[in-house]
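Colleague: Sending over a structure as structure tokens; questions will come in a sec.
Read-outs: derived from the displayed coordinates by stated rules, not from any lab. In this text the structure is predicted, and so the values were computed from the model without any measurement. Because the Cβ atoms are built from the backbone with ideal geometry, glycine has one as well, and the counts that use them run over all protein chains shown.
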Amino acid sequence: MNKVTSWGRAHGESVNRYINVTGEANLDYGATIFGNGRSYGDLCLNKNEGVLNTARLNNFIDFDKNKGQITCGPGVTLGEIQAVAFKAGWCLPVTPGTQFATLGGAIANDVHGKNHHRKGCFGCHVLALGLLRSSGEQYVLEPRSNSELFRATIGGLGLTGLITWASLQLMPVKSTKLVTQTTPFHNLHQFFELSNENKSWEYTVAWLDITRPPAKTRGLFSKAVHMDSGPTTEPSRNRLRAPLTPPISLVRPLSISLFNEAYFRIGSHKRDRMVVPYDNFFYPLDAIEGWNKMYGPKGFYQYQYVVPKINAVSATLEILSRLYKKKAGSFLSVLKNFGDITSPGYMSFPIAGPSLAVDVPNFGTKTLRLLDDLDIIVSEAGGRVYAAKDGRMKPELFTKGYPDLEKLLVHRDPAMTSDFARRALGL
Amino acid sequence: MHLVVIGGTSAIAIEVVQYAIEQGQVTRVTLIGRNDSKVNDVRADLEIRHDDIRFSALSIDFSDGEELNSKLCDLAETHPIDLALVAHGVLPAPHRVASPSDISATVHVNATTHLICLDALTTLMSDRGGRIAVITSVAGVIGRQSNYLYGATKSIVSTYVQGLQHRFYQTSMSITDIRPGPVETPMLDNLAERPRNAACPKQVAKEIYKGMMSGRRVLYTPGRWRLIMTVLKCLPWPLYGKLRI
């Protein structure tokens, strides 16, 4: 590919160059690392110098099947790791909502999954990683050795150098199947009750219908655990493919309302426990290749924030109220309740409290103004916005949410940058 | 079946190996390359991805034709070869007048070593039968001002393959001439202008494996290149001469 863009498709394209061999990668001034473009904003883009693509650094290096420790290059996708791991009775302890994110991207964003309350972030399970800096020096970073640079690189947004390999501790499992159960809820308090009652379930997540007045917010609370027995491989999923980019966003208030109504009704009827393959539960949207195209040529923004537990209900209600008033519907609104497990990463996003992620079509200035309003609510509640999703937040509010940003900047490789770093961090 | 890949670190070859394994017909793979460490890295990666397949890696000095021949013979003695893919090669920088040593080196890697491999493989496989595929190129179909050295080396191999196809006509062995257009691999990285419509290696690999297993004589991949090359070959010279391709 000569040019690449990010998943939101709202930030333009960057010229693309591949890295073939990590040891010989030349991190020139203004380098930005690109994995597989699954972050939503401009974290992986660089309109000035283009990006360095790690797709070809996609080799498995070692796998200790007894200990469940796997070592790979940064371009290996999480789906590839899952396929290899499950066969041997292991799986990734933390996985985000797409299997097409790369290992390097997962570390650089310190991604989280539907089990933060039990397993924390991705960085909690990184045993060691290799880092190449623009000076040519190569480091082996571990929690106990070069620990500050290790902590700066986990969630370090690609600003400390190129991750050349990483070793992970996987989680033992007996099967590729999960047992899941879905429960409808009719207001936010019910969501928090369900969340507290089901902490023993490995995975919990809620889909929210934000087209309703906040007091009547409804949604579907899903929980899942790994099955005790079953197959260790799954057949490849048949993927649908979005055939083209429509001239306008198909995601509009009317289509969102219709979809949400149908989705809630169907989901409410499926109350029994079900057995599903892991990719159905972890990666539902991956079933449609190019689903992001349905937002049209202007793309969309994903906005994800977290607020502390103490302000959980008030801040969430205020945000839902703002979204409802502006009729900023989203068919994909995901509410999670993060737990207390801290990540080693200085810039790790989760804190204990609720986190809502919404996809909003890019309708230009009115969308940006709405998101600016949400920033203020989040900031006043002591929360922060997730860099992996952000594409427009102003530096003052963004950096206020991350008191340890300075610790990342101390270890920043001066050659590394990105459109995000210039915009949101003022670098 | 035992699949041998010469040029085992090539991006297309690795995808062909993966596709072949997914089809369930291959139980053993031998990767042959010139760089010991790189070919073993590829072997280690594939072993982790496909833990039910036997992999081995061989590094060979391609500048020594005799070593190439004898290593293939030793290999076949231990594990008879059922399928073979010849995929190694270099792409010299285009639009450059080549020095005598460039010409020698390119002809050696892209043509001479291919002919040595094909001779060895056809001899070793003729008793049991089998499928051989050789990656040449659309560049070998007609000489172009931008890459005629590369094209000439591919053309040598295509003609040699045609002779082998004639020799082994209606036997249990087939040799397929694979002619890819530009494919999105490291080979394109040094081009000043990267082709916009380079094909995806996974898709090309699928077509190569299917073509090889069905005993196709000549396979263009993607298929549209057959039409494109036919048209180019039919152009009157005054027209062709004006094309800056």
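Colleague: Rounded if a/c is under 1.5, else prolate if a/b is larger than b/c, else oblate: which is the stretch A:191-306, with a ≥ b ≥ c the root eigenvalues of its Cα gyration tensor? Could you put the intermediate results ahead of the total?
Modeller: Working: a/c = 2.12, a/b = 1.20, b/c = 1.76.
It comes out oblate by the Cα gyration axes.
Colleague: Need the full-extension length gain, A:ALA262 to A:LEU368, defined as separation in residues times 0.36 nm minus the C-alpha distance. One decimal, nm.
Modeller: Separation in residues times 0.36 nm, less the Cα-Cα distance, equals 35.3 nm.
Colleague: Order these by the 10 Å Cβ neighbour count, fewest first: A:PHE221, A:PHE122. Can you show the working numbers first?
Modeller: Values: A:PHE221 23, A:PHE122 31.
So the residues, fewest neighbours to most, are A:PHE221, A:PHE122.
Colleague: Right, another one. What ranking do A:184-194, A:43-53 get when scored by the average of other Cβ atoms within 10 Å per residue, highest first? Please report the intermediate quantities before stating the final value.
Modeller: On the way: A:184-194: 17.5, A:43-53: 21.9.
Those peptides, ordered most packed to least, come out A:43-53, A:184-194.
Colleague: If you build a Gaussian network model of chain A, linking Cα atoms that sit under 10 Å apart, which residue out of A:THR399, A:THR77, A:THR95 swings the most?
Modeller: Highest fluctuation of the listed residues: A:THR399.
Colleague: Here's another thing I want to ask about it. To the nearest 20 Debye, how big is the dipole of chain A about its Cα centre, given +1 on the beta carbon of each Lys and Arg and -1 on that of each Asp and Glu?
Modeller: 1220 debye
Colleague: Please report, in cubic angstrom per residue, the volume enclosed by the convex hull of the alpha-carbon atoms of chain B. Present the calculation step by step, with values, prior to reporting the outcome.
Modeller: Values: hull volume 31.2 nm³, N = 245.
Spelled out: Cα convex hull of chain B, divided by residues, is 127 Å³.
Colleague: Highest first, please rank the peptides A:352-363, A:104-115 by the mean number of other Cβ atoms sitting within 10 Å of their residues.
Modeller: Those peptides, ordered most packed to least, come out A:104-115, A:352-363.
Colleague: Could you list A:MET416, B:MET187 in order of exposure, starting from the residue whose Cβ has the fewest other Cβ atoms within 10 Å?
Modeller: B:MET187, A:MET416
Colleague: After finding the eigenvalues of the alpha carbon gyration tensor for the protein assembly as shown, what semi-axes result from the square roots of 5 times each, listed largest first in whole Å? Write out the running numbers ahead of the final one.
Modeller: Numbers: eigenvalues 483, 143, 122 Å².
Each semi-axis is the square root of five times an eigenvalue, giving 49, 27, 25 Å.
Colleague: Something else: If you take every residue apart from A:LEU27 with its C-beta less than 13 Å away from the C-beta of A:LEU27, what net charge results, scoring Lys and Arg +1 and Asp and Glu -1?
Modeller: With Lys, Arg at +1 and Asp, Glu at -1, the neighbours total -2.
Colleague: Let me ask another. Once R0 is set to 22 Å, what does the formula 1/(1 + (r/R0)^6) return for the Cβ-Cβ distance between B:ARG196 and A:GLU24, expressed as a FRET efficiency to the nearest 0.05?
Modeller: 0.25
Colleague: Still on this model: Sort B:202-209, B:53-60, A:259-266 for me by packing, meaning the mean count of neighbouring Cβ atoms within 10 Å per residue, highest on top.
Modeller: B:202-209, B:53-60, A:259-266
Colleague: If R0 is 60 Å, what FRET efficiency do you get for B:SER101 and A:LYS309 from their C-beta distance, rounded to 0.05?
Modeller: FRET efficiency, B:SER101 to A:LYS309: 0.25.
Colleague: Please quote Rg/Rh for the stretch B:98-171 to two decimal places, taking the Kirkwood radius as Rh and restricting both calculations to Cα atoms.
Modeller: Rounded to two decimals, Rg over Rh is 1.04.
Colleague: Arrange A:THR367, B:THR221 by Cβ neighbour counts within 10 Å, fewest through most, would you?
Modeller: Ordered by Cβ neighbours within 10 Å, fewest first: A:THR367, B:THR221.
Colleague: Next question, about the same structure. Step through the residues of the stretch A:44-59 one at a time and calculate ³J(HN,Hα) from phi using the Karplus curve (6.51 cos²θ - 1.76 cosθ + 1.60, θ = phi - 60°), rounding each to whole Hz and writing x for Gly and Pro.
Modeller: 9, 10, 7, 6, 7, 9, x, 10, 10, 8, 9, 3, 7, 8, 10, 9
Colleague: Evaluate peptide B:45-52: per residue, the Cβ atoms of other protein chains within 10 Å of its Cβ; return the mean as an integer.
Modeller: For peptide B:45-52, the averaged partner shielding equals 5.
Colleague: For the stretch A:152-217, just say rounded, prolate or oblate: build the C-alpha gyration tensor, square-root its eigenvalues into a ≥ b ≥ c, call rounded for a/c under 1.5, and beyond that prolate if a/b exceeds b/c, oblate if not.
Modeller: oblate
Colleague: Then there's this: Is the C-alpha gyration tensor of the stretch A:229-282 telling us rounded, prolate or oblate? Criteria: a/c under 1.5 is rounded; beyond that, a/b larger than b/c is prolate, otherwise oblate.
Modeller: oblate
Colleague: Related question: What is the local net charge at B:LEU227, summed over the other residues whose Cβ is closer than 14 Å to its Cβ (Lys, Arg +1; Asp, Glu -1)?
Modeller: Result for the neighbourhood of B:LEU227: +4.
Colleague: To the nearest whole number, what is the average tally of beta carbon atoms from other chains within 10 Å of the beta carbons of peptide A:60-71?
Modeller: Across the residues of A:60-71, the mean count of other-chain Cβ atoms within 10 Å is 2.
Colleague: Quick one: of A:LYS177/B:LYS210; A:LYS67/A:LYS223; A:LYS336/A:LYS394; A:LYS366/B:LYS202; A:LYS174/A:LYS336, which pairs are farther than 31 Å apart, Cα to Cα?
Modeller: Check vs 31 Å cut-off fails for A:LYS177/B:LYS210; A:LYS366/B:LYS202.
Colleague: Here's a follow-up. So what is the diffusion coefficient of the stretch A:1-100 in µm² per second by Stokes-Einstein at 4 °C and 1.567 mPa s, using a Kirkwood Rh over Cα pairs?
Modeller: 88 µm²/s
Colleague: So what is the diffusion coefficient of the stretch A:281-382 in µm² per second by Stokes-Einstein at 4 °C and 1.567 mPa s, using a Kirkwood Rh over Cα pairs? Intermediate values should be presented prior to the final figure.
Modeller: Working: Rh = 14.9 Å.
The diffusion coefficient I find is 87 µm²/s.
Colleague: Now for a separate question. Got a sec to turn the phi values of the stretch A:295-302 into Karplus ³J(HN,Hα) couplings, 6.51 cos²θ - 1.76 cosθ + 1.60 with θ = phi - 60°, whole Hz, x for Gly and Pro?
Modeller: For the stretch A:295-302, the Karplus-derived couplings read 7, x, x, 7, x, 8, 10, 10 Hz, x marking Gly and Pro.
Colleague: Turning to a different aspect of this structure: Based only on the alpha carbon positions, what is the Kirkwood hydrodynamic radius of the stretch B:173-245, in angstrom? Don't jump to the answer; show the numbers that get you there.
Modeller: Values: mean 1/r = 0.0719 Å⁻¹.
When all Cα pairs of the stretch B:173-245 are included, the Kirkwood radius is 13.9 Å.
Colleague: So which helices of chain B fit the span-like rule, where a helix is a whole DSSP H run, its Cα atoms reach 15 Å or more along the axis, and its mean Kyte-Doolittle is at least 0.0?
Modeller: Helix filter hits for chain B: B:11-22, B:113-125, B:224-234.
Colleague: Calculated from DSSP H runs of 4 or more alone, at -39500 (n - 2.57) each and per residue, what is the 222 nm mean residue ellipticity of the protein assembly as shown, nearest 500?
Modeller: Helices in the protein assembly as shown give a 222 nm mean residue ellipticity of -9500 deg cm²/dmol.
Colleague: A follow-up question, please. So what are the ³J(HN,Hα) numbers for the stretch A:168-181, from phi and the Karplus equation (6.51, -1.76, 1.60; θ = phi - 60°), rounded to whole Hz, Gly and Pro as x?
Modeller: 10, 9, 8, 10, x, 9, 10, 6, 7, 9, 10, 9, 10, 8
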